[in-house]
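Note sheet for the following structure.
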Amino acid sequence: MPIHVVTDLRAEVPSHLKKVPIPQLNRSSAVLGTCVKGKVIKKYPLVSLEEDDYVLKTVIQEHEDQLSLPPGSTSINAILFGPLAKEFSKTVNQGDLVVMAGFVVGRSPTAQKDGLHPCNLQLAGVDACIYVYPSSSTGSSTSTISALTPVPSAETTKPKYTYVALKDLKAGMIVNIYGVVTFFKQPFRTKGTDYCSTLKITDQSDIKLGCTIFSEKLEDHPQIYKIGDIVRLHRVKAQFFNGSINMVSTLGFSVVTFDGTVGSPMVPRTCSRSFHFSDEDRHTVERLRAWAASQSALPSMSSALLSSVRPRMYFDLTCQLLAKAVMDSSCTLLRVWDGTRCAEPLLNVSVEPEALEGSTAITGGRDNLVANVLAYDNHVEVARGLKPGSYLRIYNLHAISQSGDTPPGSGTGHLSFHLHGGTAYGRGIRVLPEDSPDLQELKRTLESLRSDPNDSSLVEVWCTPPESFDSDPENIATELTCDHTLSFVPLACVKKATPPEGFHVRAQLRSYQPERLHQALKLHCPECRTLQDVPDEETVSVLFQEALRGTESSREAWAHTRHLDSSDPGRKISLHLPSYGEKGNDELIFVEGATLEEVCRLSEGQRGMIPVKSSDRKLTLLDLSTPVLIHGSKRLYGCKRCSQVKWLEPEPEERGELNDRSIAEMLGVKLLQYVFLLKLELEDGSGSLDALLWKDAESFFCVPASDAAANQKMQDQIKQTMDRFSPPGGSLERPWLDLCLRSYTVEESGQQTVCYQIFNTVTRGAEHSSQL
DNA sequence: GCTTAGGGTTAG
């Protein structure tokens, strides 16, 4: 796509290019090896289509020596695409003389208006080339010369695939072709083994070409949404039928579809993971788009909004599926809307609530927003597979006035919509992807409907995002364990309800606290029900240090006392080993005069260490902000408020099996329990609310809090779970969570606050990873 | 195993 700025005419333009006078150009002009030469008499601003994609229009006038020809046709519009447009905008000035080559001659859609040449020149891709002779003093433009791209060599630009113009097709050829869709049918089942897509395409040669595509896999079929889409077909065979050429897919067939709108993003619709798409392809699509935009002969689309539908109309409806119900073997009901209100009253087809899948909140016909579509016969198969919440385009829908209670033809009957059996006129249903440009208007309309403060009655419909209709349990990251039969409600409804009440919601995690998950681990006293943070390592360490400054080590009758050297000179560590029992006991050791680090090291042999100090010649526990027991990586804490620490005089008869409870009892300590406490900010499109994950947090994560306190792997597992629910950086999609919530009120300084807590919910997959 | 459909309104 080079532009050459030349100062010496004879030296720069390749000699093989044959110059064609502009007035002699027509649609069938050979373009290979030809060029036109003219003066830039108009240069329009560069138009940016998307990132790094541009279009620019310019008008060039035949070089002076040809001006004896009739005026009017001596000036021609040239449309430049891509980098060439940008380069042209930068390099070329009005008045410059240019030579253009590698163009396509198209029909000028503005010929009537601007009175210029009936054709235009379209320059795109690697073939397009412009040579510029600056008009003013050469000095002014020499600086741009060095910035020019070199001519790509023929070898490197040779495309891997070649495409045959539709006019050049001969029976028997197996070829690759491009075309603009002028008619299409969604894939339908044949009497054979395959699905069949029927389409008709055209290109700059204005030939209408029928194509038939067979494949037993639906994903191999073209994804055509509307007339004007552009398809690229690989390995199709030209056949004679009824006196004209038709194309049929052959072995190795593949298809890619693009939106046909000029300037719309070039997103390939294809199932193949890797497909070849070069700059040349890009420009071919651009050329076809530009050409199609200028064609008035293309059939118009028959899409309509619900608001513009009248009885007896056939139209294409772009809509969202709210609910569906199987009526009988040859009929499925689809309740849809597009956010506009029908001018005619809409019929409500009544269905048993059990038979309805999707939003049960609406009965249809409501406020003339919800249309009841009956899909018959061959469409039942597709209709049954649709997911409520998804976006659809229904082709050739028939508006039928049901005038049961009104005289026929009075125009006051209720409208229902029939998708009749068969595929005539392209009758069918297509699911549109969420991000389809064809949905932007629909989504905007639904959004404005949603924000209408006068209509809160629709809350249950509009506030539920499409994804939450997804009934595929594989896509939901959590699972309910309760046996309530509550139906799912939007968070907005949860917030409106009066507590206490239970709910099932499907929501996403927007954020959570504490972000540092180790802070989610708390100590809870089952007696006084207070909650406190787990003392941090430094605080505990300091308390141990303070205890070192105690009085002389005491000797207890119930224990053998041994001394160890500490890391500090002169300081002895006392180990008091209970002497009762048959052989004495080293399972449980009372340790005095040791630092936290030393106690931890001593407990590494899986012995329970109880840190103690001497006071009044008796042993007692340290401050209750320190662990009462350190056992390997496990630490037990006592409640300051509820413990009644005795002098340590363990009685032999008190000793049964050594466990946390018996140790605590022996020490007179009320043990604190490890618990998780997290605040999850949930959202679902209807709103957001904060829910606590506390009492059922252990089963939610499938990790006991006490294990998490002692085991880094368990903490990592929780981190992974939270990262999955709320991917860091927000780059990945957040999964939906099925949650069982309960609302309740908490009184705090005379103020009633409504709280929500998560119960009966488990994380999917957590039970497996916890086996680590 | 080598076909199917080959556009052009249901009739609920």
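Quick rundown of the values:
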quantity: Residue-wise HN-Hα coupling along segment A:168-175, computed from phi with Karplus coefficients 6.51, -1.76, 1.60 (Hz; x: Gly, Pro); calculated: 8, 6, 10, 3, x, 5, 9, 9
quantity: Within segment A:531-557: backbone nitrogen closer than 17 Å to the A:K679 label point (7 Å, Cα to C-beta); calculated: A:531-533
quantity: Separation of the A:S307 and A:Q720 label points, Cα + 7 Å toward Cβ, nm; calculated: 5.1 nm
quantity: Local electrostatic count at A:D438 - Lys and Arg +1, Asp and Glu -1, tallied over other residues with Cβ under 14 Å; calculated: -1
quantity: Segment A:S448-A:Q532, extension gain: residue separation times 0.36 nm, minus the distance between their alpha carbons; calculated: 25.6 nm
quantity: Within segment A:217-247, backbone nitrogen closer than 17 Å to the virtual label 7 Å beyond the Cα of A:M173 toward Cβ; calculated: A:232-241, A:244-247
quantity: Cα-only radius of gyration and Dmax that characterise segment A:535-667, units Å; calculated: 13.7, 40
quantity: Size descriptor, Kirkwood hydrodynamic radius, that averages inverse alpha-carbon separations across segment A:166-293, Å; calculated: 14.7 Å
quantity: Estimated inter-spin distance, A:A165 and A:R107, nm [label 7 Å along Cα→Cβ]; calculated: 1.5 nm
quantity: Distance (nanometres) between label positions extended 7 Å along Cα→Cβ at A:E352 and A:L548; calculated: 7.9 nm
quantity: Length gained when the stretch A:S264-A:D483 is fully extended (0.36 nm per residue, less Cα-Cα span); calculated: 73.9 nm
quantity: Net charge of Cβ neighbours under 13 Å - reference A:T34; Lys, Arg +1; Asp, Glu -1; calculated: +2
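Where a number appears in this text, it was derived from the coordinates with a stated rule and is not lab data. If you're wondering where the values come from, they're calculated on a predicted model, not measured in any experiment. Positions of Cβ are backbone-derived with ideal geometry, glycine not excepted, and every protein chain shown enters the neighbour counts.
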